[in-house]
Amino acid sequence: MLFRLVFALLSLFILIPSAFAQDQIKPDDVISYDLSAESWVVTKTAHVVLEVEAAVSASTAGSARADMTKAINEAAKADWRLTGFNRMLDQTGMERWSLSFEARLPETALGGLRDAVKKASKAGMQITVSGMDFTPSHDEMEAARADLRAQIFKQAAEQLASLNTTLPGRNYRISQIAFETDFPAPIQMFRGKRIEAAVATASVEQDQGQDVSQKLVMNAHITYAALPAVSK
């Protein structure tokens, strides 16, 4: 009698874990593949770098930077940022200041930029255009990326509907969307003697009403998951 009781208890302990395991959530069945979307980012502004070389004496040092900033704005009104500043003393006792200013300018300001820079220069202070590129701004790129993500979300939802129609009863869902690094096409930077050609080209494009565009590609890895069918 005692043997039968012990055997019954052992059997119960063996069956409980087995039943408990059957109630556990089973691993998902997954289906994954890649989606891609592309767009053209259009910009009507250019990133421009102006260099200022000036001879500064002790009596003019206090107002020199303000005078340079004023001259820069006379050449082209914009939200100029001082991004470089170098000072050195020459043999005559004068300080030589080299400053770099950067801003984004609209197309309408590019055609006459060369003449405006020359006009704003004066004895002891020369301004030159040292860089110009037509890379879209950060806000323009972020807006384009947001649009591409929306396109991929839409594609993923359409594929999900198709998947659940093709495999009814499985109730697949979107488990994960992993966006990969986007790949903008390279934009050419103009420096030195090529600035004049770039400004001339910008002037022609502006006259023809053309915008500068950059292709942007975004890839994403999509994973769909569903609980496996329970066997009866």
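The values are calculated or read from the model by the stated rules, or taken from the named source; none is laboratory data. The structure displayed is predicted, hence computed values, not measured ones. Please note: Cβ atoms are built from the backbone with ideal geometry, for glycine as well, and neighbour counts cover all protein chains shown. All accessible areas refer to the heavy atoms of the entire protein, side chains included, with ligands and DNA or RNA removed. Shrake-Rupley method; radii C 1.70, N 1.55, O 1.52, S 1.80 Å.
Here are a few things to note about the model shown:
- If you go through the range 96-131 and keep only what is outside any helix (DSSP H, G or I) and among the small types (Gly, Ala, Ser), you end up with Ser98, Ser100, Ala103, Gly111, Gly112, Ser121, Ala123, Gly124, Ser130, Gly131.
- Of the residues making up the range 59-96, those that are over 29 Å from the mean Cα position of the chain (by Cα) and under 12 Å from Ile127 (Cβ atoms) are Asp67, Met68, Thr69, Lys70, Ala71, Glu74, Ala75.
- Sub-6 Å Cβ pairs linking a first residue in the range 81-97 that is closer than 16 Å to Val52 by Cα and in contact (Cβ under 8 Å) with a residue 24 or more places away in the chain to a second residue that is open to solvent by 100 Å² or more (accessible area, probe 1.4 Å) and assigned to a strand (DSSP E or B), at least 6 apart or interchain, are Glu95/Arg87; Glu95/Leu89; Arg96/Met88; Trp97/Arg87, ordered by first then second residue.
- Leu110 vs. criteria touching a Leu at 6+ places or on another chain (Cβ under 8 Å) and either aromatic (Phe, Trp, Tyr) or closer than 17 Å to Glu51 by Cα (or both): no
- Checked against (1) buried (at least 18 other Cβ atoms within 10 Å of the Cβ); (2) among the polar types (S, T, N, Q); (3) over 35 Å from the mean Cα position of the chain (by Cα), Thr43 passes all but a single condition, namely (3).
- Among the residues of the range 48-95, those that are small (Gly, Ala, Ser) and in a helix (DSSP H, G or I) comprise Ala61, Gly62, Ser63, Ala64, Ala66, Ala71, Ala75.
- Candidates in the range 149-164 are the residues that are in contact (Cβ under 8 Å) with a residue 60 or more places away in the chain, open to solvent by 50 Å² or more (accessible area, probe 1.4 Å) and under 19 Å from the mean Cα position of the chain (by Cα); of these, the one that is farthest from His221 (Cα to Cα) is Gln151.
- Residue check, Gln151 touching a Ser or Thr at 6+ places or on another chain (Cβ under 9 Å), outside any strand (DSSP E or B) and under 30 Å from Tyr224 (Cα atoms): yes
Okay, residues lined up against (1) farther than 30 Å from Asp34 by Cα; (2) surrounded by fewer than 17 Cβ atoms within 10 Å (Cβ to Cβ):
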residue: Glu74; (1), (2): yes, yes
residue: Leu82; (1), (2): yes, yes
residue: Ser98; (1), (2): yes, yes
residue: Gly111; (1), (2): yes, no
residue: Asp115; (1), (2): yes, yes
residue: Ala120; (1), (2): yes, no
residue: Pro136; (1), (2): no, no
residue: Asp147; (1), (2): no, yes
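Yes/no per residue for (1) at pLDDT 90 or above; (2) aliphatic (A, V, I, L, M); (3) touching a strand residue (DSSP E or B) at 6+ places or on another chain (Cβ under 6 Å):
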residue	(1), (2), (3)
Val52	yes, yes, yes
Gly62	no, no, no
Ile72	yes, yes, yes
Asp79	yes, no, yes
Gln91	no, no, no
Arg96	no, no, yes
Leu99	yes, yes, yes
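- Any chance Glu142 is of a type in the set (Asp, Glu), under 27 Å from Ser213 (Cβ atoms) and open to solvent by less than 50 Å² (accessible area, probe 1.4 Å): no
- Among the conditions (1) open to solvent by less than 50 Å² (accessible area, probe 1.4 Å); (2) within 33 Å of the chain's Cα centre (by Cα), the only one that Val56 does not satisfy is (2).
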